[in-house]
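Written below as structure tokens is the structure these notes are about.
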Amino acid sequence: MLEFLFWISAKKNVVALALLGAALVTIAPQVRRWVEQKQKCESDHKRQLLPHALEKNFIRVGYAFVGLSITLFIIAGFIVDLK
């Protein structure tokens, strides 16, 4: 279990999760605009995507990754003395 904590809280993993979360939050508005434009072009198809709900989900998942990154950073600070 301790080896898993060392691996998951490694610097490269923490930074990768933070960057992934930041990228998702950053591209969320652009994805919403893209979906809205696509809906205007193809207004005859039956299933409509919800652009605002999609943007909200991108932002939530992005912040979840950032929160996980912060949590792992804190864990890394506590377990550094156990090596």
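The values are calculated or read from the model by the stated rules, or taken from the named source; none is laboratory data. All of these numbers come straight from a predicted model, not from anything done at the bench. Heads up: the accessible areas ignore ligands, DNA and RNA and are worked out on the full protein's heavy atoms, side chains in. Shrake-Rupley method; radii C 1.70, N 1.55, O 1.52, S 1.80 Å.
Count of lysine pairs in the chain with Cα atoms under 23 Å apart, counting only pairs 8 or more residues apart in sequence or on different chains?
Count of close lysine pairs: 6.
Counting only protein heavy atoms and using a 1.4 Å probe, what share of the accessible area of the chain belongs to carbon plus sulfur, as a whole percent?
Percent of accessible area from carbon and sulfur atoms in the chain: 68.
Under 1.5 on a/c is rounded, so check that first for the chain, then, if it is not, pick prolate when a/b is larger than b/c and oblate when it is not; a ≥ b ≥ c are the square roots of the alpha carbon gyration tensor eigenvalues.
prolate
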